[in-house]
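This report concerns only the one structure given below.
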Amino acid sequence: MVQSEPGEHIGVNRRRHQRLSATITPVLWVGVIVAFSLTPDPAAGLPGIIGTAGSVAAHAGEFLVLGMLIARTHPWHHRAYPFLMGFVIALTDELIQSQVPGRDASVSDVLTDLVGVALGLAAAPHVWRLLPPLRTAVAFAFLLSVLRLGFIYLLA
């Protein structure tokens, strides 16, 4: 039997935990996006540019986080697949919204979502290198969820 170094199993468990969290967090975040899509549009009652700005910020912010989370599961040099995943999720999100009373689907929302994914994919290597991945993912998701809901409801 081969004797392992003391503490060697800790590194293996940490890597396994990081891979698992990198896989689960984007799935959970898609759940958050779907939950937002299933609610009536809180920006609908806001006047003109404020409602539009709130909607654009919400879409781009949600998908920026998604892009960052998806980027954790793929090598930095492979960006086409994560971008395609973001595109499919954006289309699905709009399809869901088209079935919710008070919501509608729009091409501009899909484009805004794609801008968010692209920004998330571009920012991810720098953010993940600077901050611990799991804590950052949870913090970003929580912060943007609170900002989205707070911004829209405070202006209403």
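The values are calculated or read from the model by the stated rules, or taken from the named source; none is laboratory data. The structure presented is a predicted model; accordingly, all values stated were derived computationally and were not measured. Cβ coordinates were reconstructed from backbone atoms using ideal geometry, including for glycine residues, and neighbour counts include every protein chain displayed.
A few remarks follow.
- Boolean, residue 148 is under 21 Å from residue 40 (Cβ atoms), at pLDDT below 70 and surrounded by 11 or more Cβ atoms within 10 Å (Cβ to Cβ): yes
- For segment 7-22, the condition of being surrounded by fewer than 18 Cβ atoms within 10 Å (Cβ to Cβ) and at pLDDT 80 or above holds for none of the residues.
- Looking only at residues of segment 65-93 that are modelled with pLDDT of 90 or more and either farther than 16 Å from residue 26 by Cα or among the β-branched types (Val, Ile, Thr) (or both), we find that the one that is surrounded by the most Cβ atoms within 10 Å (Cβ to Cβ) is 89.
- When we screen 55, 37 for residues that are closer than 27 Å to residue 100 by Cα, out of contact with any helix residue (DSSP H, G or I) (no Cβ under 7 Å at 6 or more places or on another chain) and modelled with pLDDT of 65 or more, the only hit is 55.
- Odd one out for residue 96 among (1) modelled with pLDDT under 85; (2) over 21 Å from residue 24 (Cα atoms); (3) surrounded by fewer than 17 Cβ atoms within 10 Å (Cβ to Cβ): (1)
- Residue list for segment 95-125, restricted to those being assigned to a helix (DSSP H, G or I), aliphatic (A, V, I, L, M) and either in contact with a Phe, Trp or Tyr (Cβ under 7 Å, 6 or more places away or on another chain) or farther than 17 Å from residue 53 by Cα (or both): 95, 96, 114, 117, 118, 119, 121, 122, 123, 124
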